[in-house]
1. In percent, what relative contact order does the stretch 1-150 have, based on Cα pairs under 8 Å that are 6 or more apart in sequence?
2. Can you list residues from other chains, or at least 5 along the same chain, whose modelled amide H is less than 5 Å from the amide H of residue 100?
3. So how strong a dipole does the stretch 72-147 carry about its Cα centre when Lys and Arg Cβ are +1 and Asp and Glu Cβ are -1, to the nearest 20 debye?
4. With r as the distance between the Cβ atoms of residue 38 and residue 213 and R0 = 22 Å, compute the FRET efficiency 1/(1 + (r/R0)^6) and round to 0.05.
5. So which trypsin sites (Lys or Arg not before Pro) in the stretch 90-145 are both in a DSSP loop and have at most 12 other Cβ atoms within 10 Å of their Cβ?
6. Given a 1.4 Å probe and the protein chains all in place, what does the accessible area of residue 56 round to, in Å² to the nearest 10?
7. Describe numerically, in nm with one decimal, the distance between label points set 7 Å from Cα along Cα→Cβ at residue 183 and at residue 50.
8. What is the stretch 79-143's relative contact order, in percent, from Cα pairs under 8 angstrom and six or more apart in sequence?
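The values are calculated or read from the model by the stated rules, or taken from the named source; none is laboratory data. Note that the coordinates shown come from a computational prediction; the quantities given were computed from them, not determined experimentally. Note: ideal-geometry Cβ built from the backbone for every residue, glycine included; neighbour counts use all protein chains shown. Ligands, DNA and RNA are stripped out before the accessible areas are found, and what is left, the full protein with its side chains, is counted by its heavy atoms. Shrake-Rupley method; radii C 1.70, N 1.55, O 1.52, S 1.80 Å.
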Amino acid sequence: MTAAGDSLARGDTVVAGVRTAYPVGARVVDLAVVAVLSPVLAFVAAIVAIAVALDSPGPVLFRSVRIGRDGRRFEMLKFRTMVHRCAGPSISCDGDARYTPVGRLLAAARLDELPQVWNVACGEMRLVGPRPEVEQFVRAQAGAYRQILALPPGITGPTQLAFADEGRRLALVADPERVYAEEILPVKVRLDVDYVRRRSLRRDMVAIAHTWLVPGRQLALALRDDRHARGRPVEALAGAATMVLAVVAMVAAFAAQGATTAF
């Protein structure tokens, strides 16, 4: 077992003095929405999983250790978007050589985050909430995260939407890790603190409503910027298939908005 796995097994608290509130009503809404959407999500996830498996050798899922409820580590699931066991910087951006052809499109459209529905079902995340962050950045902003971790992290939220094009932004700078830590992270922290203080059902509904637009918009930008895809039928086919998945995901997210509104 890895060191991270040992820490997860022991349930070590990364940020002390945090007690996350997860009201029963909010938990019921999350589970109800997941139950309603499970057939569509399972269909989309199955297609994506096949595409990832055929695209390159390695596991279909990637487990990223993040800090969640009560300041504890948990494994956030994603579809694998990069070459298996390929070392590199902790921050990725558009044009990263580690991306596989399908993985690059999945990451651009944010469809790699579909498996996080399982984290929601397990109670580790919510549909809407603060962005789950990695340990090194949580420790660097421990004071702010004592406020942010008062709520469970979410698949979507104001911060996730504001930085939906983060990869494209970081691709324009010489030192992505420095720019992320010094410029982007402080803005994310302020947005998450503001969300915790001003959270409401209406704001959550607005976040969900905007989320369903993200996959298609981001994928269109990625395909537009991908000069290398021209004249390459395999990648063009992958792009078309992923566009279809993006449309299905947007329909699913729109249905989630309606299902949540019903509560």
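1. Details: 183 pairs, mean separation 48.1, N = 150.
Averaging sequence separation for qualifying contacts and normalising by length gives 32 percent for the stretch 1-150.
2. Correct list: 82, 83.
3. Numbers: 12 positive and 8 negative charges, 29 e Å.
Here the stretch 72-147 has a charge dipole of around 140 debye.
4. Working: r = 22 Å, r/R0 = 1.02.
E(calc), rounded to 0.05, equals 0.45.
5. In loop regions of the stretch 90-145 (DSSP not H, G, I, E or B), there are no sparsely surrounded trypsin sites (Lys or Arg not before Pro).
6. Accessible surface of residue 56 is approximately 20 Å².
7. 4.2
8. Numbers: 33 pairs, mean separation 18.8, N = 65.
It rounds to 29 percent for the stretch 79-143.
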